[in-house]
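In what follows, a single structure is set out as structure tokens and then discussed.
The values are calculated or read from the model by the stated rules, or taken from the named source; none is laboratory data. As the structure is a computational prediction, the values presented were derived from the model and not from experiment. Reconstructed Cβ throughout: ideal geometry from the backbone, glycine too, with neighbour counts over all protein chains shown. Side chains included, ligands, DNA and RNA excluded: accessible areas come from the protein's heavy atoms. Shrake-Rupley method; radii C 1.70, N 1.55, O 1.52, S 1.80 Å.
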Amino acid sequence: MTKIGYIVGSISSTSLNRQLAEAVVKLVPEGVEVVEIPIKDLPFYSPDYDADFPQVGTDFKAAIEGVDGVLIVTPEYNRSIPGVLKNAIEWSARPYGNMSFSRKPVAVLGGSPGGIATAAGQQHLKSVLSHVDAIVMGQPEGFIQVTPGLIEGGEITNEGTKAFLQSFVDTFLGLVGRVEKAYA
């Protein structure tokens, strides 16, 4: 069974991206297990931890390593990624040379009330993920303008957006399958 992890790049209790992630997860077909990989409990990374890696860091790395692919749903902060998400990626790449995202298929998605949504932040995130050896899905790109009523009761209400997100999920699962075969 394919297992997909998802990371929400915001720790806000009112996060639009958490709502988006939870709605997108419902589009994953039966037979695929989906689990959240939380980031809110990770302390700020410091190389001081490398000699005595904390359990929360070990658990986070194991969660990434224990899935076949990772979906990251994130807001954009100041034309980049939230610090909490960058911190999580730092934990995933430590101790040096032990990168949990290595050869891991990753898809990036994000929502915002603005018209260009999270385009700039996603470009930065994809660059960082490339450095930690993730296999980043290039297309389709998922810049979702979250308009009032787009997500109601945990469901995407706009049929065009829902169809796009279904295609996004299906394309990502196809990438995960190809990577599994390539590295089997």
- Just need a number here: residues in the range 87-97 that are touching a residue at least 24 places away in the same chain (Cβ under 8 Å) and open to solvent by 40 Å² or more (accessible area, probe 1.4 Å). 4
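Do we have I7 as touching a helix residue (DSSP H, G or I) at 6+ places or on another chain (Cβ under 8 Å), open to solvent by less than 60 Å² (accessible area, probe 1.4 Å) and assigned to a helix (DSSP H, G or I) here?
No.
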- Message: Looking only at the range 109-121, count every residue that is crowded, with 23+ Cβ neighbours inside 10 Å and part of a helix (DSSP H, G or I) and tell me the total.
- Response: 1
- Query: Any idea which of (1) hydroxyl-bearing (S, T, Y); (2) under 15 Å from the mean Cα position of the chain (by Cα); (3) open to solvent by 10 Å² or more (accessible area, probe 1.4 Å) is the one S100 doesn't satisfy?
  - Reply: (3)
- Query: Just one of V106, V84 is in contact (Cβ under 8 Å) with a residue 12 or more places away in the chain and part of a strand (DSSP E or B); which is it?
  - Reply: V106
- Query: Are any of the residues in the range 157-169 in a loop (DSSP other than H, G, I, E, B), within 19 Å of G111 (Cβ to Cβ) and out of contact with any strand residue (DSSP E or B) (no Cβ under 8 Å at 6 or more places or on another chain)?
  - Reply: yes
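Could we say that A163 is among the hydrophobic types (A, V, I, L, M, F, W, C) and surrounded by fewer than 15 Cβ atoms within 10 Å (Cβ to Cβ) here? Let's see the steps before the verdict.
Numbers: among the hydrophobic types (A, V, I, L, M, F, W, C): yes; surrounded by fewer than 15 Cβ atoms within 10 Å (Cβ to Cβ): yes.
So A163 passes the test.
The rows are residues; the columns are (1) closer than 27 Å to P148 by Cα; (2) within 13 Å of the chain's Cα centre (by Cα); (3) modelled with pLDDT of 95 or more.
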{"position": "T2", "(1), (2), (3)": "no, no, yes"}
{"position": "Y6", "(1), (2), (3)": "yes, yes, yes"}
{"position": "L16", "(1), (2), (3)": "yes, no, yes"}
{"position": "L20", "(1), (2), (3)": "yes, yes, yes"}
{"position": "P29", "(1), (2), (3)": "yes, no, yes"}
{"position": "Q55", "(1), (2), (3)": "no, no, yes"}
{"position": "G83", "(1), (2), (3)": "yes, no, yes"}
{"position": "P95", "(1), (2), (3)": "no, no, no"}
{"position": "V106", "(1), (2), (3)": "no, yes, yes"}
- Of all residues in the range 13-39 being free of Cβ contacts under 8 Å to residues at least 60 places away in the same chain and polar (S, T, N, Q), which is most open to solvent (accessible area, probe 1.4 Å)? S13
- Query: Which of the residues spanning the range 59-75 are open to solvent by less than 60 Å² (accessible area, probe 1.4 Å) and either among the small types (G, A, S) or without any contact (Cβ under 8 Å) to a residue 12 or more places away in the chain (or both)?
  - Reply: A62, A63, G66, G69
- Consider P43 against the criteria (1) in contact with a Pro (Cβ under 9 Å, 6 or more places away or on another chain); (2) modelled with pLDDT under 95; (3) assigned to a loop (DSSP other than H, G, I, E, B); (4) of a type outside the set (D, E, K, R): it satisfies all of them except one. Which criterion is unmet? (2)
